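We did not get these values from a lab; they are worked out from the coordinates using the rules stated. Not measured: the values here are computed from a predicted model. Every residue, glycine among them, receives a Cβ derived from its backbone with ideal geometry; neighbour counts consider all protein chains shown.
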Amino acid sequence: MKIKLIIGLFLFVCLAQIITPLSMIANRELVLKRGTQYKFKVAPVDPYDAFRGRYVALRFEEDYCLYTNRDKLNSGQQVYALINVDERGFAKFSGLAMNRPEKGPYIKTRLNYISGDKAYLDIPIDRYYMEEGAAPRAEKIYQQHSRGGKEDAYAIIRIKDGLAVIESLYVAGDKIEDLVKKE
Amino acid sequence: MNKVFLRWLYQELPGLVEKDVLSQEAADKIRQFYGEVKNPGRMNVGLVIFGTIGAFLIGLGIILLFAHNWDQLPRLSRAVLSLSPLIIGQILALWVLLKKPQSGALKESTATFLSLAVGAAIALISQTYNIHGDAATFILTWMLLILPLVYIMQASLPAVIYLIGITAWAGSNWDSPARAVIFWPLAAIIVPHLIWALRQEIYALRAAIVSLVMAVCVLFAASFSLGRNWPGLWVVIFPSIFAVIYFTGNWKFNQITTNWQKPLRFIGGMGLFVLVFQFTFKYCWQYLGSYSYGINRDISFIGLLADYIITLAIIATAVLLFYDNLKRKNNLVAFFGAAPLLAIVAYFLNMQSTFLPLLIFNLYLFVLSLSRIVAGFRLNNQSLLNTGMLMLSVLIIARFFDSDISFIIKGLVFIIVGIGFLMANLVYTRRLGGVK
């Protein structure tokens, strides 16, 4: 009897242990399959320290939106960042909502801080993992482009129901993985 | 009675009967009185350690093999492969539960392997999908998923991983006190396991490791989560925690053991001494408020309420344990654990002047070390004598360095303290000789 109870509990725990990572996979796969694609301009966090071992640290070039409403917001508070696309095809944050918007693209995120009329956001996309061997070569490419003033890097991000997943990273119009292969 | 002693006693009995020290009847009566040496799934410590290290290396090897050709694999395959160490760990643990439930070593090592595999799976999937690096959420999810293994598999290493994990989580939440205090209920979940481990075999490595980690984690977590809005209250909180640890370490087992086997008594005692010694310095009381780690951000009332309740509960526990020891005439132990009470008095007196707290703690440390020296002589306990001497000399030397006394006199004090040490030990040894 006791052993049956223990085994039952153990199987239940196993299930929870499997479901947690599986739900992480399922949520992201769903966004990558069904989500809408957006191009976000990214800036290197520090061109000489962008590659930290296995990933590129990313920062959105515009990680803020205008916030003129004088309601008090706390740092770390959950917000919904609304998105619109400019004439060149790049996505930008256009405003904040406290409650889940009924339509239109948005990202569920947290407020970093407010400075003047700008609300800076803690964007849930801050890294792009790459193969360890490719990292040093990718770093060189990244630096060459930023030195020439051609900081034309952007990330393709898929968004569905507020969840954003990075799909790929482009430097000078090419996928970073392809550039590394060419090198 | 401790099994190690009992086993030794039973080994000796036949020889004693043979040499006519004991009658066969008396020997039988001794056996009857103490009963059989029970061996409920006794663990071989070496087997556990090497088993766990082995299991862990295998797990790492599997992950490395996959990671080698990682980028050639499509994303979904990578994600599913990340789960394989987890599934292997679960199958191994299930097999042990079904086929070898008696083996403590196997349960311990498979539960540890599974605990690490859960973390590896979540980390690898976060990497595959470039998930935002929120370390706190990752750690908490991981810890909650391995917590049941501690009880289901009666395994202590997962408990150790869990305690370290929730402490790290509390640390990364240090700036939001309402969240950091959740450490305390989370840590309380491990207490039944700790008691079970202590009951199982008080002197075993298992109990020593769990209680050691528990003590250290509680101390770290206290600095992250308690007394946040009460500047300078650390002078009461930390002596209280150390006193609780010290009293618990002295609880119920009075047999002579080494410090390694009684980590709680050792950590508690050392912590109390170091704190009390610090409290004998002026700077400590002068700048009490500025040592506070409070934060200036708006803190919600609920967050502070939990902080207040837990802080007061810890102080109350220390005071109650003090009275308990006093009542049971454990005067020596009680006196050592009186520091939190004095700290409370000193904390309030400090608002008027820094002189009184200084006086209280200098006097306290002086009397405390004298009482140990006297008790050491009376009970013929050399380690008690020497810790008393050590504490007294540290106090004297510190006070002489504080004051503007010439080097010659300082040197003389050193010589006198040294002679005192030698004399006390000499007198003690002579007396022992006299006793013989």
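Count, for each residue of A:7-13, the Cβ atoms from other chains sitting within 10 Å of its Cβ, then give me the mean as a whole number. List each step's numbers first, then the result.
Values: counts 5, 1, 3, 10, 4, 2, 12.
Neighbouring Cβ atoms belonging to other protein chains average 5 per residue here.
What is the Cα radius of gyration of chain A over 2.2 N^0.38 Å, N being its residue count? Provide the component values of the computation, followed by the final result.
Values: Rg = 20.0 Å, N = 183, 2.2 N^0.38 = 15.9 Å.
Relative to the 2.2 N^0.38 Å estimate, chain A comes out at 1.26.
What do you get for trypsin sites (Lys or Arg not before Pro) in segment B:306-375 restricted to DSSP loop and a cutoff of at most 14 other Cβ within 10 Å of the site's Cβ? Walk me through the numbers before you get to the answer.
Values: sites: B:LYS327, B:ARG328, B:LYS329, B:ARG372; in loops: B:ARG328, B:LYS329.
Passing sites in segment B:306-375 are B:ARG328, B:LYS329.
Give the lysines whose C-alpha is closer than 27 Å to that of B:LYS19, dropping any in the same chain fewer than 8 places away, or say none.
Candidates past the 8-residue exclusion: B:LYS3, B:LYS29, B:LYS436.
Give me A:PHE93, B:PHE138, B:PHE277 ranked fewest to most by other Cβ atoms within 10 Å of their Cβ, as a rough exposure proxy.
B:PHE277, B:PHE138, A:PHE93
State, as an integer percentage, the relative contact order of chain B based on alpha-carbon contacts under 8 Å between residues 6 or more apart.
Details: 458 pairs, mean separation 45.1, N = 436.
Computed over chain B, the figure is 10 percent.
When only Cα pairs under 8 Å and 6 or more residues apart are kept, what is the percent relative contact order across chain A?
Values: 307 pairs, mean separation 45.6, N = 183.
Relative contact order here is 25 percent.
Which ordering of B:TYR323, A:TYR170 is given by a fewest-first count of other beta-carbon atoms within 10 Å? The partial results should precede the final answer.
Values: B:TYR323 11, A:TYR170 17.
Ranked by crowding around the Cβ, least crowded first: B:TYR323, A:TYR170.
Give A:LYS108/A:LYS175; A:LYS92/A:LYS175; A:LYS92/A:LYS160; A:LYS33/A:LYS140; A:LYS72/A:LYS118 a once-over and call out the pairs whose C-alpha atoms are over 25 Å from each other.
Long pairs (Cα-Cα over 25 Å): A:LYS108/A:LYS175; A:LYS33/A:LYS140.
Who wins for biggest fluctuation among B:GLY61, B:GLY35, B:GLY51 in a Gaussian network model of chain B, springs between alpha carbons below 10 Å?
B:GLY35
Take chain B, connect every pair of alpha-carbon atoms lying under 10 Å apart with a spring to form a Gaussian network, then pick out the residue of B:ALA135, B:ALA159, B:ALA55 with the largest mean-square fluctuation.
Sorting by GNM fluctuation, first place goes to B:ALA135.
Would you calculate the separation in nanometres between label points at B:PHE277 and B:TYR34, each defined as 7 Å from the Cα along the Cα-to-beta-carbon direction?
In this crude spin-label approximation the distance works out to 3.9 nm.
How much of the calculated P(r) for chain B lies past 40 Å, in percent of all Cα pairs?
36 percent
Calculate the dipole size of the protein assembly as shown relative to its Cα centre from +1 charges on Lys and Arg beta carbons and -1 charges on Asp and Glu beta carbons; express the result in debye to the nearest 20.
Details: 60 positive and 40 negative charges, 315 e Å.
Charge dipole of the protein assembly as shown: 1520 debye, to the nearest 20.
Which residue, B:ASP307, B:ASP404, B:ASP324, has the most motion in a Gaussian network model of chain B that connects Cα atoms within less than 10 Å?
Judging by the Gaussian network model, the answer is B:ASP404.
Do the sum for chain B: with -39,500 (n - 2.57) for every DSSP H run of n ≥ 4, divided by all residues, what is the mean residue ellipticity at 222 nm, to the nearest 500 deg cm²/dmol? Could the numbers behind the result be given before it?
On the way: 21 runs with 332 residues, N = 436.
Mean residue ellipticity at 222 nm (helix-derived): -25000 deg cm²/dmol.
Only counting other Cβ atoms within 10 Å, I'd like A:THR20, A:THR109 sorted with the fewest neighbours first.
A:THR20, A:THR109
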